[in-house]
Structure formats: C-alpha cells, structure tokens
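Each remark here refers to the structure printed beneath this line.
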C-alpha cells in the first residue's frame, strides 16, 4: 500500500447510504482541494466524477489503515496520517478540508456504516492475509488439490473421526474466545510432558469442533486435567478402560448451552461433545498419548472419544458438587475424574429413599468385582425421577451417601486382592477375617445429579484410583 | 504412498518404483502425507510394452533400486 | 484450486514436518528382499525380472501382491512383509 504524501484519503463503500450522500462533497474536495484519493471497498464504479478512485475490494488498504467505519476521511501529511474523521459531519469535514461551504445542501450529519473489514470472518482472514497473526505454531503447507480433512487423517492428528482442519483463520477466531495470550503456557501434557500453549489448545479446539465461547472452559479443562493429583499419566498408561471424565458446574454450563439432562452422556450436544474431545486431542497431539503406544488399554471405551457433561443444578434442594466442595453457586468449575463410562442402575419400584439406596448399593457393590475394595472410586449420577424420591423424603446428598456407605460393607472373607492386593487397607482390617471393610475403602463415592426425568434410572461412573493417586480434581473456570 | 509409509513405520526399508508419469502425483502425495519415500522412476508407458521391453526396463532400473535400499541415493528427482 | 493451503500444526512439533525415510541397510547381503506387486496390469513381467536379478545375486526373495491397486495394502499383508523381509520393493505405479 502506498498512500499519497500530502492530501486527503477517503475510504468508502457503495453499499452505504452515507457514502452515497457524500459523493457531491467528495467531488467538491477533488475539484478545489486536491489531491484526493478515494478507496472503494466494493464497487470501483462508485462515482465516475472522481479522478483518483482506487479499487480496494481486497481490503488491503482498508485493513492497513484500520478502517472501522465508512466513510472515513483522513488528512495525510509527509506520508503520515495527521487526523481522521468517520461518518458525515458537516462541521468536521469543513474543518478537516478547509473548505468553508462544503456540503451546504446536505443534512448536518449522518452516521456511517460498518467497514467491510469488519464483516463476519473478515478480521481473521485479513489478519492472515496482510498482518501479523501473532501465531507461533509451525505451518503445514498442503498443495491445493489435497483434501485437508484427509491430510489431517494422514498425519495422525485425529481420534479416528474427521477433524476440522486448523487453518490460521479458524485458530485466530477460536482465540477471540479468550483474553489470554496465545503464547502463554497452560499446562504440561503427559505422557511426554510437553508444555502446551493457549495457541496449541486453540488449534486442537478448532479440530474438535469447538466454538470460541467454549475456550475458557477448554483451558480450565486442560489445566485441571494435568494437575499432579489427578495423575493423567496413570489414566492414560493403564490397561484399564478408563477415560478422563469432565464435569462442569456453575453458570457457564448454561451460558454455553451444555446438556445436563436427557442423554447427558450421549451424543448430540456440541459443547459436551467438543470440549471433551479437545482434551483427548491435546493428549494425543501435544502429549503424545496414543493407543498402542503408552496407552495400553485392553478394551478402552467410547468415552475415550469424549466424556464431558454438566451437572444438573436446576433443583435448589440439593447443592451442586462444586458447592459441596466450598465453591459459591456463582463460580463455574471443572471437575476431572476417572470414568469408565456409564453403568445404568434401574429401579422402577422403590418409593422410599431406603429402598432406592438398597438398589444403588447392590449395583455399586458389583463395581469391578463384588470383592474388589481397593483403588476404585465412583460417581453416582442420580437421575431425575430418582432425585424426586430423595427430595420428597427430605434427604440431602450427604444423607444418601451416609446410607449407601452403611450398606456397602464387604465381608473381609469376600475381599479379592485387587491390582494392589489389599494395599491401602489398614492392617487390622486385613487381620480381622470376620470383619467388614468398606467397598470404597481407598477411593471416594461422590453423588451428582444428571440425566433426564422420563424414567427411573441412575448411573454409576466407576473409575480406578482413589485417595492416593488419580483423585478427582476441581478447578475454577476463569472467564 | 500410504503403503510404503506404513511399511517404513513398521521398520521395513522400502523403495517404490514408478513411471515418470507418476512424478507429480508422487510429489503431491508426499506433501499431503508429510513423508517422502525412496523412489525410482522408469520410463513411461508400461501398458503397451512387450515382455522383452519390460524385462529391459527392470534391468535398467535394478542398480538404482538396490542403491535406494542401501544408501541415501534414492532421492526423488 | 491451485493455491497452497496452510494448516497450523496441532502437535508438539517434535516430529519433522516431513517424516524422513528410515535409515537404509548397509548392504543387501544376507537379507530377504520382498517384492510387493501393487496389482497394476503388466507389472508382473517387470517384477519377475527383478526377482531373477535378485536371486542371481544370491539373495532370498519373497513375493507379495496387493488385492487391488486402489485399496491400501491390508494390515495382515504389511505385517507378513514385516515378519518375513528386511527390505521391500514396491512396483509398479504408472
């Protein structure tokens, strides 16, 4: 772009009533106070009566001049901008041009229209085309005849399903969802312990199919999942089927349209699906965690594509998981915990909370093996109709948990050595052959609410680990 | 190209033989895959050659093929 | 569309943009050579001659054939080649 050294520059578009309005004004300027260069963002035949009309439909000059509104009139001196005005204002235009009777026949003022540089998608595209993207990741060049989706598969970037090809424009757009700078390090990703920047998260978020407004949640998910207490490496490098499960609490869940109700663990909700998927893709692409390599899972599960949902916080009678940890209801949090999937609990008949708890306990007792008591934990998701049984009896989450733990005592004679034998049990427990040991001896049992209300179901999300390693972790989502 | 790439990923040292007609496609696929195999080119065409001509092509390419497996000489030209 | 398409690398960037081919063997002596026919017509005559030339050098040769040119080679076929050969010559793409 080369502007004139001294004179006036106008940026207009034909598709703007104010730009049309000022045509006679521009002609006056062109006649009496040249030189005047007029850059047109759409139709170069804007006005045949002007001498220096420049076609700027590629928007290069408009971008480099940072034009937000049309018309914009700029005074240039010595090749540099001295002042500018936007829209039509007779006094201002007279003052800038020095033409005393300019625009006599026009109304005193009229606001301008949006510059085409601000059209949807354009800021990112123009930044890539003419400006500094500020992105530091390596650029992968593909020939024009290659299908970019296939290229992503070929390079091993996907989880087996197609990903959205991460162009610079899409990544810039994704980064508008966070105020954090692209180069900031979010977390160190196992198994290869690679520092991961906001930019790398954004690239994988694009591939997963996220919207920019999910970014604060996505960043909190990555940060929290990589905290040492959760032990993501252990979750990945196991022969077990487990996946990192992601649960969101607080106002952000509703704000971005997450699902906490019917089919909560299933498909169909973009936020649920893509936020969870981003975690998996970051682990795969940045951390280097892939099946068959460090990931030795014998079965795995579909939850390893994505496992992310919001807790159902609609009914005020129970506090949310985050609130029970001490967060305020106005805060939004992410909780990462190990999850094998969804083990349904069916009870169509229980009317009392005691009966329902007996059903729950029977199913919980069977997790992994009726005699398995070490290095396991579970989240019990109480479904809509089952919640009513407890609400109506006035039972809190804590009361339900108390009842369940009472029912979940395993005779020592039935305890089978788990992966670590009886490691984690007290000596006296092991020694007391006629005694009982809690099912959840070394790992927590947590109660949450989720799922639809058309059916008497609840769900158990079992997981390995517990108090010593692979503990559920919760982090705040900063907006 | 995919086959050669995955064979090399399995640890089998490989070379692909193609006719000169394939040169541009080979380059394109290389860039798409992010992988450049050892390639030896022989004269196009193949389809309408006599058996004797095909055998001669093989003899002519033989040393280059061996070299592509045993040194870095198998550069795509 | 002729223009180059640009994607941003989502990985840790520890691998080369273009994966290098693996290290060559010092010599073919004592090694088993695989000949993989990618199932294009007339290629077999070409491959047969390579087979003869390799055997004339005292090398062990194994023959394989893809099911169809357009398909990728089956994983079992690739595993078989890996198990039985040190090097492989794939022919003949035209």
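A simple spin-label model places the labels of residue A:478 and residue A:141 3.9 nm from each other, with each point 7 Å out along Cα-to-Cβ.
For residue A:211 and residue A:184, the difference between the fully extended length at 0.36 nm per residue and the C-alpha to C-alpha distance is 7.7 nm.
Using the Cα gyration tensor of the stretch A:174-316, with a ≥ b ≥ c the square roots of its eigenvalues, what is the shape: rounded (a/c below 1.5), prolate (a/b larger than b/c) or oblate (neither)? Oblate shape, in that a/c is at least 1.5 and b/c is the bigger or equal ratio.
Helix A:270-285 and the long axis of chain A differ in direction by around 80°, with both axes built from C-alpha atoms. Note on residue A:45 and residue A:118: the extension gain reaches 24.1 nm, defined as 0.36 nm multiplied by sequence separation minus the Cα-Cα distance. Helix A:384-393 and the longest principal axis of the C-alpha atoms of chain A enclose an angle of approximately 60°. Within 10 Å of the Cβ of each residue in A:164-171, the mean number of Cβ atoms contributed by other protein chains is 3. Take each peptide in A:6-16, A:333-343, count the other Cβ atoms within 10 Å of every residue, and average; sorted highest first, the result is A:333-343, A:6-16. Between helix A:198-208 and chain A there is an angle of about 80 degrees, using the helix long axis and the longest principal axis of the Cα atoms. When peptides A:462-473, A:318-329 are sorted by average Cβ neighbour count within 10 Å, with the highest value leading, the order is A:462-473, A:318-329.
Looking at chain A, the DSSP beta bridges with both ends there are about 70 percent antiparallel. Most tightly packed first, judged by the mean number of other beta-carbon atoms within 10 Å of their residues, the peptides C:60-70, A:142-152 read A:142-152, C:60-70. Taking every DSSP helix (H) stretch of at least 4 residues in chain A, weighting each as -39,500 (n - 2.57) and dividing the sum by the residue count yields a mean residue ellipticity at 222 nm of -8000 deg cm²/dmol. Partner shielding of A:193-202 amounts to 2, given as the average count of beta-carbon atoms from other chains within 10 Å of each residue beta-carbon.
Each label point was placed 7 Å from the Cα along the Cα-to-Cβ direction; for residue A:399 and residue B:64 their separation is 8.5 nm. Peptide A:154-163 is shielded by partner chain Cβ atoms: per residue, an average of 3 of them sit within 10 Å of its Cβ. If you take the square roots of the eigenvalues of the alpha-carbon gyration tensor of the stretch C:37-91 and sort them as a ≥ b ≥ c, do you get rounded (a/c under 1.5), prolate (a/b over b/c) or oblate? Judged from the Cα gyration tensor, the stretch C:37-91 comes out oblate (a/c at least 1.5, b/c at or above a/b). Expressed to the nearest 5 percent, the antiparallel share of DSSP beta bridges inside the stretch A:365-455 is 40 percent.
Classify the protein assembly as shown as rounded, prolate or oblate, taking a ≥ b ≥ c as the square roots of the eigenvalues of its Cα gyration tensor: rounded when a/c is under 1.5, otherwise prolate if a/b is larger than b/c and oblate if not. Oblate, because a/c is 1.5 or more while a/b does not exceed b/c. Label separation (residue B:71 vs residue C:65): 3.5 nm, computed from points 7 Å beyond Cα along the C-beta direction.
Bear in mind that the values in this text are calculations on the coordinates, not laboratory data. Bear in mind that the values here come from a model prediction, so they are computed numbers and not experimental data. Glycine also receives a Cβ, built like all others from the backbone with ideal geometry; neighbour counts cover every protein chain displayed.
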